[in-house]
Amino acid sequence: MRSNRFPRLLLISWLLAALAACAPGSPDGARGGTGGAAVVRVPQDTGSVQTAVDRVRPGGLVLVSPGVYRESVTVAKPRVVLRGTERSKVVVDGEFERSNGITVTGAGSVVENLTVRNHLANGVLFTGVTDERLQAGGAGGSAYDPLDTVKFPPLKGFRASYVTAYDNALYGIYAFDARSGVIERSYASGHADSGIYVGQCRPCDTVVRHNTVEHNAVGLEVTNASERLYLLGNRAAHNRVGLTLNSNDLEALGPQHGAVVAGNALTDNNDDRGPEQADGGFGIGIGSGGGRDNVVERNLITGNRSAGVLLSDVQGYPARGNTVRANRVTGNGTDLVLATGAPAGNCFTGNAESVTSPTALSALAPCGRDTRAETPVPAEPGTGRPPLGGPHPVQPPPGISFQDVPAPSPRPNLPNASTAPPRAAVGLPGRVDPGAFPLPGRGF
């Protein structure tokens, strides 16, 4: 789905032209079947990744050796593990002609240790949406109508590990209408919407951890994704915006609420060589538009020219009840910004900030005191708006096409990729302890 387009300071406002679906063939007619082999190797057993997926049994392993595979792949069987033997050398290439690289609709299935690049929509898509026409437009369709959650119940169980996604038009790794998942130790760059996206789930029961996202319009994006959602120990640097928590009416299940953002480094998100479609928000570490009851703690947020943390209302969704505490928020244009008419239960404490908007924000909206009914934030004279209290927002510079963002260097491989037994995405995410993710050091 499209990002929430919250106030102009933060917006990533663009609309991609409608994309034609490129549904891959199914030579064996077995995409939803129950038979097949326990392990299918590419190219030893078949030259096509899709054919291998069609031949493997539920719970089986598709093991792909180095090569460039010019095809779209759909994993509809349950508990299939699709794995490359060498992360940077097993490449699913869309050639800027196909919509999605790998689409997973089979419960409990996994994509790991490979690269997806050059697609007109998404690199890897995990979704309960089984209509390929909607998948081609970004899971929600070109009209971006709220998805029918009865017709398309969420995918239950998914995992992306050691995936590299770059230069895909919309999203690198995209979990939409999916729950009970993990996105980990992956890398995303060169995406004109966001590198990693979690959208439309409640409860999400999902962890996004130990990933690196850079040179995207938005590094990490959350829209209408709520409850038991954790973003932990990630690095978002040199994007145009580091991380967003959004509510909107373009997707179902608004408002977004109940996420935990802890132990992340969100630094220097001022990339003037990011995708050109990102003509709105720029220079922001964390931006929340209409998010509620989220916890942002123990994050390193520095070097973002416009704002370190910005909480804002959007139409129909006021920002309420968010806690911003124990972060290192320094060296940003304005470190903390509460761009709402009243504290509304949002609170700030222990953030080591220097410049806030309004001034003395931690005193105006402290944690441990009910501020939902307190006096409105004082307005800037003659405007009716809360005062900025710091530098004006940075004018977004023009960017480049997502097709032209340079390819990343090779990333670490999944250990023992050629021999490790398959591990399906069952029982995820398991026990989650945000407290185990400390405040990152400056060299994180």
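The values are calculated or read from the model by the stated rules, or taken from the named source; none is laboratory data. This is a predicted model, so every value here is computed, not measured. Neighbour counts are summed over all protein chains in view; Cβ atoms, including those assigned to glycine, are modelled from backbone coordinates with ideal geometry. Each accessible area value is taken on the protein alone, full model and side chains, heavy atoms only, with ligands, DNA and RNA left out. Shrake-Rupley method; radii C 1.70, N 1.55, O 1.52, S 1.80 Å.
Here are the numbers for this structure:
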item: Stretch gain in nm, segment V39-R70, where the contour uses 0.36 nm per residue and the Cα spacing is subtracted; result: 9.0 nm
item: Under 5 Å, built H, 5+ apart or other chain: amide partners of G350; result: A326
item: Region 65-125: proportion of alpha-carbon pairs further apart than 15 angstrom, %; result: 45
item: Summed side-chain charge close to F152 - residues other than F152 whose Cβ falls under 11 Å, Lys, Arg +1, Asp, Glu -1; result: -2
item: Residues whose placed amide H lies under 5 Å from that of F158, excluding near-sequence neighbours; result: G108, G181, V182
item: Peptides ranked, highest mean first, by Cβ atoms within 10 Å: ranges 48-58, 434-444; result: 48-58, 434-444
item: Equivalent ellipsoid dimensions for region 178-221 as semi-axes, Å, which come from the Cα gyration tensor, largest first; result: 20, 12, 6
item: Per-residue ³J(HN,Hα) for region 167-174, Karplus 6.51 cos²θ - 1.76 cosθ + 1.60, θ = phi - 60°, Hz, x for Gly and Pro; result: 6, 9, 5, 9, 10, x, 10, 10
item: Surface accessible to a 1.4 Å probe, per residue, for the residues of region 159-218, Å²; result: 13
item: Region 228-280, Rg to Rh (Cα coordinates; Rh as Kirkwood inverse mean 1/r); result: 1.03
item: Chain lengthening between I400 and E276 when straightened (0.36 nm per residue, less Cα-Cα); result: 44.2 nm
item: Residue-by-residue Karplus 3J(HN,Hα) for region 113-122, coefficients 6.51, -1.76, 1.60, Hz, glycine and proline x; result: 6, 8, 10, 10, 8, 6, 10, 7, 9, 10
item: Equivalent ellipsoid dimensions for region 160-283 as semi-axes, Å, which come from the Cα gyration tensor, largest first; result: 21, 16, 13
item: Rounded to the nearest 10 Å², the accessible area of F158 at probe 1.4 Å; result: 0
item: Other-chain or far-sequence residues with amide H under 5 Å of V64's (modelled H); result: V42, R83, G84, T85
item: Formal net charge of residues neighbouring A417 (Cβ-Cβ distance under 10 Å; K, R +1; D, E -1); result: 0
item: Accessible area of H210 in the full protein assembly, 1.4 Å probe (Å², nearest 10); result: 70
item: 3J(HN,Hα) from dihedral phi, region 43-54, Karplus parametrisation 6.51/-1.76/1.60, rounded to Hz, x for glycine, proline; result: x, 4, 9, 7, x, 10, 5, 5, 4, 4, 4, 5
item: Segment R325-K151, length gained on full extension (0.36 nm per residue, minus Cα span); result: 58.6 nm
